[in-house]
1. Among the candidates Val114, Val57, which residue alone is open to solvent by 30 Å² or more (accessible area, probe 1.4 Å), hydrophobic (A, V, I, L, M, F, W, C) and at pLDDT below 50?
2. Can you tell which of Gly134, Gly148, Gly165, Gly177 is out of contact with any helix residue (DSSP H, G or I) (no Cβ under 6 Å at 6 or more places or on another chain) and free of Cβ contacts under 8 Å to residues at least 60 places away in the same chain?
3. Given the condition modelled with pLDDT under 95, at positive phi and open to solvent by less than 30 Å² (accessible area, probe 1.4 Å), answer yes or no: does some residue in segment 196-208 qualify?
4. Residue by residue through segment 483-499, note down the ones that are over 15 Å from Gly423 (Cα atoms) and open to solvent by 20 Å² or more (accessible area, probe 1.4 Å).
5. Please determine whether any residue of segment 447-457 is farther than 27 Å from Ser352 by Cα and open to solvent by 50 Å² or more (accessible area, probe 1.4 Å).
6. Confirm whether Cys29 is more than 22 Å from Glu330 (Cα to Cα), touching a strand residue (DSSP E or B) at 6+ places or on another chain (Cβ under 8 Å) and part of a loop (DSSP other than H, G, I, E, B).
7. I'd like to check which strands (runs of 3 or more DSSP E) are fully inside segment 261-359 and have at least 1 residues that are among the small types (Gly, Ala, Ser) and modelled with pLDDT of 95 or more.
Amino acid sequence: SLASTAITCFTRGLDLRKGTEDVLCPANCPLWQFYVFGDGVYASLSSVCGAAIHSGVITNAGGAVRVQTLPGQENYPAVNANGIQSQVLSRWASSFSVTAGTKNTALEAVGRSVSTARPSTGKRPKKTLDKKAGNKDCKADIAFLIDGSYNIGQRRFNLQKNFVGKVTVMLGIGTEGPHVGVVQASEHPKIEFYLKNFTAAKEVLFAIKELGFRGGNSNTGKALKYTAQKFFSLENGARKGIPKIIVVFLDGWPSDDLEEAGIVAREFGVNVFIVSVAKPTTEELGMVQDIGFVDKAVCRNNGFFSYQMPTWFGTTKYVKPLVQKLCSHEQMLCSKTCYNSVNIGFLIDGSSSIGESNFRLVLEFVSNVAKAFEISDIGSKVAAVQFTYDQRPEFSFTDYATKEKVLSAIRNISYMSGGTATGDAISYMTRNVFGPVKDGPNKNFLIVLTDGQSYDDVRGPAAAAQKAGITVFSVGIAWAPLDDLKDMASEPRESHTFFTREFTGLEQMVPDIIRAICKDFLDSKQ
């Protein structure tokens, strides 16, 4: 029979590579550290041994477990069983189930499980190299927003510092691992240190120890907004493509409003977690501006982004589950924003009624819209096609991976001059420009710019584009008939149809188009 692989208390379903795998769980895993989602069928984010104990396949004495990979599903339930409280998860890409492994494989593995847990090669130096790099599996740029208000007081402030220190150590900070900084919230927010200041846990611990208590009202909303806007700049050490996270610690409740700050954080692509300690008692709730403050501020109100601790005492057992949340980058639903996760295809009318100088104004409009987005190989992408009776691809989504190159390609588009076959051009766009990216992660938008009546039908091609998952905006100038524009636009047609009499009016439309793209993007994510 196949030998089983010895795993640790914290091995997750997604860490196993095979469809069916025999594993051996160690004994005496601390039950409160288990992180389990679902019941019977578990999200692959769950600890395998935790799921096995939860489902009754093994006890805390460990043992052999067979793990079967299953497809993802929606609504993993929270169930308390065998001393483990599993958690709710609204959806996940893959799952697993656990059954009892066979006994004889367990016996061969028992001797080995101890040695696999701690490989005893006498070589020290390699370890220190790795230590510098940190935990490469945890991709995160984290701001700890600590509570420095009179609510918490000096003594609990120190306990809070200890807790943040423990979280920092367990995260595995390093050059290639997570980076952290600290902001203190009180009357006015103060950035204590940035992501770029330290890349070793030792240095961070020292910096946390040195933090002084500020006191004042707990203006957490003000501090959260400030942190979302100022903390994660590239100059201050934020890294491209790494999730941005703010962990807000709140003792009691905030003195100000968190709702606006939560909106700003989501706009900036920041994932907000709230760790609330000593929740307000029923008597105190009268003093809280908005009882739903946690739900308004967190990235998504799905239970994953809020975390509760009864007091600042004995918090060690809360460290590991929080770290596991912060390192699940697949769960960071707010990292994607309309600025970094869209494909925008411009379909530009090159017909002879436009003329060279107005054509330049059209290109300026295209540039100004494109400029607002974060164009990169891992971010948003832009493509352009010019049409008359024929279509001329100017550049595709994959041609240019930087904003500078895209803007220079737009400037270099030359005016074709000819007839107007808009319907045909939309079909060309759907097939040849959006076709290759239709299974990609970005949301697709088509902006049709035209100044006149199309010679062919636009309704059928536009409906086909929308069916292919493309949101269509129509921008009409001068003689473009409103009926055509409405026929092309996505629902609700009013908010996807734009018109100006003069080419000079295009400039004023730019912010409205960008806002409309972002609104559609957010609506599609709800």
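The values are calculated or read from the model by the stated rules, or taken from the named source; none is laboratory data. If you're wondering where the values come from, they're calculated on a predicted model, not measured in any experiment. Methodologically, a virtual Cβ is constructed for each residue, glycine included, from the backbone with ideal geometry; neighbour enumeration extends over all protein chains shown. Accessible surface is based on the protein model in full, side chains and every heavy atom, while ligands, DNA and RNA are left aside. Shrake-Rupley method; radii C 1.70, N 1.55, O 1.52, S 1.80 Å.
1. Details: Val57 fails: at pLDDT below 50.
Unique residue meeting the criteria: Val114.
2. Numbers: Gly134 fails: free of Cβ contacts under 8 Å to residues at least 60 places away in the same chain; Gly148 fails: free of Cβ contacts under 8 Å to residues at least 60 places away in the same chain; Gly165 fails: out of contact with any helix residue (DSSP H, G or I) (no Cβ under 6 Å at 6 or more places or on another chain).
Sole residue among the options that is out of contact with any helix residue (DSSP H, G or I) (no Cβ under 6 Å at 6 or more places or on another chain) and free of Cβ contacts under 8 Å to residues at least 60 places away in the same chain: Gly177.
3. No, there is no match, as no residue in segment 196-208 is modelled with pLDDT under 95, at positive phi and open to solvent by less than 30 Å² (accessible area, probe 1.4 Å).
4. Hits for segment 483-499 are Glu491, Pro492, Arg493, Glu494, Ser495, Thr497, Phe498, Phe499.
5. We begin by selecting, within segment 447-457, every residue farther than 27 Å from Ser352 by Cα; these are none.
Checking segment 447-457: not a single residue is farther than 27 Å from Ser352 by Cα and open to solvent by 50 Å² or more (accessible area, probe 1.4 Å).
6. Details: more than 22 Å from Glu330 (Cα to Cα): yes; touching a strand residue (DSSP E or B) at 6+ places or on another chain (Cβ under 8 Å): yes; part of a loop (DSSP other than H, G, I, E, B): yes.
Against the criterion (more than 22 Å from Glu330 (Cα to Cα), touching a strand residue (DSSP E or B) at 6+ places or on another chain (Cβ under 8 Å) and part of a loop (DSSP other than H, G, I, E, B)), Cys29 qualifies.
7. Working: elements: 270-277, 306-309, 342-349.
Qualifying strands (runs of 3 or more DSSP E): 342-349.
For every residue, the table says whether it meets (1) in the same structural domain as Ser46 (by the TED database); (2) open to solvent by less than 10 Å² (accessible area, probe 1.4 Å); (3) of a type outside the set (Val, Ile, Thr); (4) farther than 23 Å from Ala465 by Cβ.
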{"position": "Phe313", "(1), (2), (3), (4)": "no, no, yes, yes"}
{"position": "Lys317", "(1), (2), (3), (4)": "no, no, yes, yes"}
{"position": "Ser352", "(1), (2), (3), (4)": "no, no, yes, yes"}
{"position": "Asn358", "(1), (2), (3), (4)": "no, no, yes, yes"}
{"position": "Val382", "(1), (2), (3), (4)": "no, yes, no, no"}
{"position": "Asp390", "(1), (2), (3), (4)": "no, no, yes, no"}
{"position": "Glu394", "(1), (2), (3), (4)": "no, no, yes, no"}
{"position": "Thr398", "(1), (2), (3), (4)": "no, no, no, no"}
{"position": "Glu404", "(1), (2), (3), (4)": "no, no, yes, yes"}
